[in-house]
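Participant: Below is one structure. I have some questions about it.
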């Protein structure tokens with residue numbers, strides 16, 4: 001398998017082409033780190049963007065939904081044209097000039113036709129991937145879905161083919177003539193930080209916080 | 001002005017209606033806290049979702065872009081049908097059952113027709129709002145855009161009319177019969193945390209970190 005996705009007209013940006021990347025490793029890293037994605041599709045001729053959870057299994061992106069929700073219904077029977085975008089914000093970039101303010105970020109865009117996952121085996125595989133996406137190891141440490149629960153879960157699958165990433169990293173890029181202005185310039189790093197796990201009120205006190213949450 | 005937005009068919013969720021909110025205060029809080037939004041629109045009959053920055057000025061949402069980028073071109077002359085979604089992730093919800101795993105989150109969805117901001121005064125107002133959205137006080141503490149820079153900036157404006165929020169907060173909601181299973185259950189709080197500001201390499205060492213970054 002190539003180490004990079006093949007750029008297409010739709011994944012070639014009109015702006016900041018130097019920020020674009022098609023490396024599988026970069027794209028996978030973004031998809032795997034982000035906890036949510038934004039699923040875009042067309043409903044009644046108008047755009048809809050919903051936040052949902054996702055998980056990657058090799059070159060398939062699974063999206064979580066539930067039977068009866070808009071995109072799941074729309075995906076039947078022939079698939080749904082979607083744009084799935086995943087974004088991570090890494091920092092505030094404060095330049096001396098208003099114009100050069102920016103964010104450090106990593107984003108990935110996946111275009112294609114999403115299909116409804118129908119086979120119970122694939123459903124279970126996707127659900128386990130979603131659980132392990134929350135924290136690796138969680139799928140094996142909870143009660144698996146029963147047949148009724150599995151039937152009530154709807155999942156979309158999207159092949160990673162028409163894919164691109166965009167990354168802005170590093171420092172401020174002010175104009176040379178602005179470099180002596182008396183304004184602070186630099187980057188404020190941002191991180192999504194996990195706090196101390198809060199056990200359910202009725203949790204048996206003998207059950208310790210699992211290793212994968214520490 | 002009413003304290004809440006008026007629900008419409010498009011902003012009434014098909015699922016988890018108890019999580020929906022139309023309160024202005026809730027919606028404004030989400031829009032104002034989130035650093036980025038996801039802008040959905042239709043291009044050549046297919047959905048596109050782009051991450052970008054935004055800022056709210058009373059009941060207008062401004063979206064940052066640049067001349068020549070897709071949505072800005074598409075917005076001329078009659079406006080662009082968009083869905084702007086903003087999402088904040090507040091925690092991982094780990095239930096004893098696979099099925100009840102969830103995230104705590106707050107999201108807002110704004111539907112409507114975005115117009116290109118054309119008047120230089122409004123452009124400047126929107127840009128200042130974007131700067132103060134990064135950190136309140138920043139707009140007054142940097143070099144304002146000159147005429148050329150202002151011309152190179154494209155902004156969309158979207159009235160806050162067809163608006164809704166969705167909030168999931170609190171603890172685990174397992175089935176009663178699962179409450180004695182031997183799996184840890186609870187919530188891992190998540191926060192976007194700002195690290196120590198990193199000054200630009202060529203920053204005059206006499207310029208202190210501004211109060212609004214401390």
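Taken together, the values in this text are just the output of simple stated rules run on the coordinates, not laboratory data. Since we're looking at a predicted model, the values are computed, not measured. Note: ideal-geometry Cβ built from the backbone for every residue, glycine included; neighbour counts use all protein chains shown.
Participant: How many Cβ atoms of partner chains, on average, are near each residue of B:78-90 if near means within 10 Å of its Cβ? Mind dumping the intermediate values first?
Facilitator: Numbers: counts 0, 0, 1, 4, 3, 10, 2, 9, 3, 9, 2, 6, 0.
So the per-residue partner count for this stretch is 4.
Participant: Measure off 7 Å from each Cα along the Cα-to-Cβ vector at residue B:179 and residue A:43, then give the distance between these two points in nanometres to one decimal.
Facilitator: 3.5
Participant: Separate question: Which whole number gives the average, over all residues in A:101-112, of C-beta atoms from other chains lying within 10 Å of the residue C-beta?
Facilitator: Values: counts 9, 3, 6, 0, 4, 0, 5, 0, 4, 1, 4, 1.
So the per-residue partner count for this stretch is 3.
Participant: Hey, another quick one. With N denoting the number of residues in chain B, provide Rg(C-alpha) divided by 2.2 N^0.38 Å, to two decimal places.
Facilitator: Numbers: Rg = 20.5 Å, N = 214, 2.2 N^0.38 = 16.9 Å.
Here the Cα radius of gyration is 1.21 times the empirical estimate.
Participant: What percent do you get for the relative contact order of the stretch A:83-214 when only Cα pairs under 8 Å and 6+ apart count? Kindly include the intermediate steps, with their values, before the conclusion.
Facilitator: Numbers: 165 pairs, mean separation 49.4, N = 132.
Once normalised by length, the contact order is 37 percent.
Participant: Right, another one. What percentages, rounded to whole numbers, describe P(r) for the stretch A:152-214 computed over all alpha carbon pairs with 10 Å bin width beginning at zero?
Facilitator: 12, 19, 20, 24, 17, 8, 1
Participant: Give me the log10 of I(q) over I(0) for the stretch A:1-112 at q = 0.20, 0.21, 0.22 Å⁻¹, as the Debye formula computes it from C-alpha points; what are the numbers?
Facilitator: The computed values of log10 I(q)/I(0) come out as -1.20, -1.27, -1.33.
Participant: Mean residue ellipticity at 222 nm from the helices of chain B, using -39,500 (n - 2.57) per DSSP H segment of n ≥ 4 over the full residue count, to the nearest 500 deg cm²/dmol?
Facilitator: On the way: 4 runs with 36 residues, N = 214.
The per-residue figure over chain B is -4500 deg cm²/dmol.
Participant: Hey, another quick one. Give the residues of the stretch B:137-164 whose amide nitrogen is closer than 14 Å to a point set 7 Å from the Cα of residue B:122 in the direction of its Cβ.
Facilitator: Only B:154-160 fall inside the zone, counting backbone N under 14 Å.
Participant: Given N residues in the stretch B:96-214, what is Rg(Cα) / (2.2 N^0.38 Å)? Walk me through the numbers before you get to the answer.
Facilitator: Values: Rg = 22.6 Å, N = 119, 2.2 N^0.38 = 13.5 Å.
Rg over 2.2 N^0.38 Å, computed on Cα atoms: 1.67.
Participant: For the protein assembly as shown, just run the numbers: alpha carbon Rg, then divide by 2.2 N^0.38 Å, N being how many residues it has.
Facilitator: Working: Rg = 22.0 Å, N = 428, 2.2 N^0.38 = 22.0 Å.
That ratio works out to 1.00.
Participant: Could you state the angle between the C-alpha long axis of helix A:120-134 and the longest principal axis of the C-alpha atoms of chain A, as a value from 0 to 90 degrees rounded to the nearest 10?
Facilitator: 40
Participant: Would you kindly compute the Cα radius of gyration of the stretch B:49-164 and its largest Cα-Cα separation (Dmax), both in Å?
Facilitator: 17.1, 59
Participant: Based on the Cβ-Cβ distance from residue A:192 to residue B:57, what FRET efficiency comes out when R0 is 25 Å, to the nearest 0.05? Don't jump to the answer; show the numbers that get you there.
Facilitator: Values: r = 28 Å, r/R0 = 1.11.
Calculated transfer efficiency: 0.35.
Participant: Inside 10 Å of the C-beta atoms of B:50-56, what's the mean count of C-beta atoms belonging to other chains?
Facilitator: Details: counts 10, 11, 2, 5, 0, 0, 0.
Per-residue shielding by partner chains comes out at 4.
Participant: Give the angle, between 0 and 90 degrees and rounded to the nearest 10, that separates the Cα long axis of helix B:24-33 from the longest principal axis of the Cα atoms of chain B.
Facilitator: So the helix axis and the longest Cα principal axis differ by about 70 degrees.
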